[in-house]
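Engineer: Dumping the structure here so I can ask a few things about it.
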Amino acid sequence: MSRMLFIGINYYAYIGKISAAFSRQGYDVDYREIEDVGFWSKTHKKLSPAAYRRRLDHYHLSLIDEAAATRYDVVFFLQCHHFSYENMQRLRASQPKARFVLYNWDSLSTHDYRPWLTHFDKAVTFDPKDAADLDITYLPLFATRDFFEVDPAATKEFDLYFVGAIGTMHRFNALKKLHAFCRGHGIRTHFHLKCSPVVMVKLLLGRQWLPGLSLRSIGFADIVRLIERSRAVFDFANHAQSGYTMRFIENMCAGQKIITENARVAAESFYSRDRFLVIDNLDFSGIPEFLAAPVTSELDAEAFSVDSWTRDLLE
C-alpha cells in the first residue's frame, strides 16, 4: 500500500471524508494539522503575531522530524501558506522520493501561495482564473456522499437558505438586501451567519443585524438537513474569486436549485435555467419565478464527488 502524508486544516468533517477517499484509492494516510484554528489559537495569532509565528514554525519542525521516520510516496497539502518557505524546503529535503501535490481552495487574492509553487510537483486550484494566470491545474471543489443522498421528497420548510461566515461587509450587505427582498415577497428564508466576536461587536456597534447571526458554526449534519428542508440556496462568495464555492458544489450534487452571483455557471455544460439563476448587481427580481418553476432537467454530478476529486488530484 502507498503511503501519504496529508497536511491541512481540520475543517468540519472534510478532512476525514478526503482521507477516506484517498484510502479507497489504496493510500495509507497519515493526517497532520497544519494549523490550529481554535478560538485561543486565533486570539494568540491576532494579539501576538510574531510569537505565534515562532510557535507555529516550531510545531512544523516537529512535524517534519516526526514524518522523516516514514518514507512517503505522496505529500499532499490542502493549502500551504501556513508553512514557512524554509520549513517547506526542509520537508521536501526529508522526503526526497515523495511526489508533492498542492490543492488551494482559496483564491490567490485571499492567500498568495506563489512563492511555494516551486516545491510542488503538481499544483491545483479551485479558481480557473488563478489556474490560467499561474499555468497550474484547475479542479473544482467536491461534495461528499452525504449530499448525493439528500432526500428530494423531504418537506420544504424554507424557500431559500444561506450558510456562511461573515468575513466582509460586502457579503453582509448583500444578505441584508436579499433578506429585505424576500420578506417583501413572502419568501421564507433561513440564514446561519457565523461571525467572529470582533465582527459581531462591530455589527452591534453599527446597529447592523440580520436573523441568523451567530458566534457558533453550524454542524456538518445540520447543513445536510437544511438542504433537505429548503427549496433553494443563495450562493455568494466571501472573497473575490472565479471558482465555485463549496456550498455551490454541494447543493448542485444534492439536486438543489441555486441562486448565484457567479456568472461563469451559464457557460457550463451542466447549466440549465431550471436549476441555476445568475443574479447581476444584486438584482433579485427573478427569484420568485425561479423558485416557482419545477426542475425538469437531468443532472449527473458524479464528476464532482470526493472520490472523483481525489482521483483527479493524483493523476
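Engineer: Please go through the range 181-194 and pick out each residue that is in a strand (DSSP E or B) and either surrounded by fewer than 19 Cβ atoms within 10 Å (Cβ to Cβ) or not assigned by the TED database to the domain that holds residue 292 (or both).
Structural biologist: Across the range 181-194, the qualifying residues are 190, 194.
Engineer: Of the conditions (1) part of a helix (DSSP H, G or I); (2) among the hydrophobic types (A, V, I, L, M, F, W, C); (3) modelled with pLDDT under 95, residue 249 satisfies every one except a single condition; which number is it?
Structural biologist: It is condition (3) that residue 249 fails.
Engineer: Check 285, 272, 214 and return the single one that is open to solvent by 40 Å² or more (accessible area, probe 1.4 Å), among the polar types (S, T, N, Q) and out of contact with any Asp or Glu (no Cβ under 8 Å at 6 or more places or on another chain).
Structural biologist: Just one listed residue meets the conditions, 285.
Engineer: Which residue is nearest to residue 72 (Cα to Cα), if the candidates are limited to the range 84-114 and must be among the hydrophobic types (A, V, I, L, M, F, W, C) and surrounded by 18 or more Cβ atoms within 10 Å (Cβ to Cβ)?
Structural biologist: Filtering the range 84-114 down to residues among the hydrophobic types (A, V, I, L, M, F, W, C) leaves 88, 91, 93, 98, 100-102, 105, 108.
Pick out the ones that are also surrounded by 18 or more Cβ atoms within 10 Å (Cβ to Cβ) and you get 88, 91, 98, 100-102, 105, 108.
Values: 88: 15, 91: 11, 98: 6, 100: 10, 101: 12, 102: 15, 105: 24, 108: 28 Å.
Per the criteria, the residue is 98.
Engineer: Pick from 129, 156, 122: which is among the charged types (D, E, K, R), outside the structural domain of residue 97 (by the TED database) and out of contact with any Asp or Glu (no Cβ under 8 Å at 6 or more places or on another chain)?
Structural biologist: None of the other options fit; the residue is 156.
Engineer: List the pairs whose first member sits in the range 93-108 and is touching a residue at least 12 places away in the same chain (Cβ under 8 Å) and under 19 Å from residue 138 (Cα atoms), whose second member is of a type in the set (Asp, Glu) and open to solvent by less than 10 Å² (accessible area, probe 1.4 Å), and whose Cβ atoms are under 8 Å apart, counting only residues at least 6 apart or on separate chains?
Structural biologist: Cβ pairs passing all conditions: 104/127; 107/127; 108/127.
Engineer: Given the residues 224, 163, 201, which is the only one that is surrounded by fewer than 14 Cβ atoms within 10 Å (Cβ to Cβ) and not in a loop (DSSP other than H, G, I, E, B)?
Structural biologist: So the residue among 224, 163, 201 that is surrounded by fewer than 14 Cβ atoms within 10 Å (Cβ to Cβ) and not in a loop (DSSP other than H, G, I, E, B) is 201.
Engineer: With respect to residue 142, is the statement that it is touching a residue at least 60 places away in the same chain (Cβ under 8 Å) and within 20 Å of the chain's Cα centre (by Cα) true?
Structural biologist: Against the criterion (touching a residue at least 60 places away in the same chain (Cβ under 8 Å) and within 20 Å of the chain's Cα centre (by Cα)), residue 142 qualifies.
Engineer: Quick one: which residue in 137, 144 is of a type in the set (S, T, N, Q) and open to solvent by 40 Å² or more (accessible area, probe 1.4 Å)?
Structural biologist: 137
Engineer: For the range 227-246, name all the residues that are in contact with a helix residue (DSSP H, G or I) (Cβ under 9 Å, 6 or more places away or on another chain) and in a helix (DSSP H, G or I).
Structural biologist: The answer is 227, 246.
Engineer: Just one of (1) of a type in the set (Asp, Glu); (2) assigned to a helix (DSSP H, G or I); (3) under 23 Å from residue 60 (Cα atoms) trips up residue 146, so point out which.
Structural biologist: It is condition (3) that residue 146 fails.
Engineer: Report, by residue number, each residue of the range 156-172 that is within 18 Å of residue 226 (Cβ to Cβ) and among the hydroxyl-bearing types (Ser, Thr, Tyr).
Structural biologist: Selection gives 161 alone.
Engineer: Same structure again: From the list 117, 178, exactly one residue is open to solvent by less than 40 Å² (accessible area, probe 1.4 Å), part of a helix (DSSP H, G or I) and closer than 23 Å to residue 257 by Cα. Which is it?
Structural biologist: 178
Engineer: Name every residue in the range 75-114 that is part of a helix (DSSP H, G or I) and within 21 Å of residue 65 (Cβ to Cβ), in order of residue number.
Structural biologist: 85, 86, 87, 88, 89, 90, 91, 92, 93, 94
Engineer: Is the range 247-265 home to any residue that is closer than 21 Å to residue 147 by Cβ, among the aromatic types (Phe, Trp, Tyr) and buried (at least 21 other Cβ atoms within 10 Å of the Cβ)?
Structural biologist: Within the range 247-265, one or more residues are closer than 21 Å to residue 147 by Cβ, among the aromatic types (Phe, Trp, Tyr) and buried (at least 21 other Cβ atoms within 10 Å of the Cβ).
The values are calculated or read from the model by the stated rules, or taken from the named source; none is laboratory data. Computed from a predicted model, the values in this text were never measured in an experiment. Cβ: placed from backbone, ideal geometry, glycine included. Neighbour counts: every protein chain shown. For the accessible areas, the whole protein counts, side chains as well, though only heavy atoms, and no ligand, DNA or RNA atoms are used. Shrake-Rupley method; radii C 1.70, N 1.55, O 1.52, S 1.80 Å.
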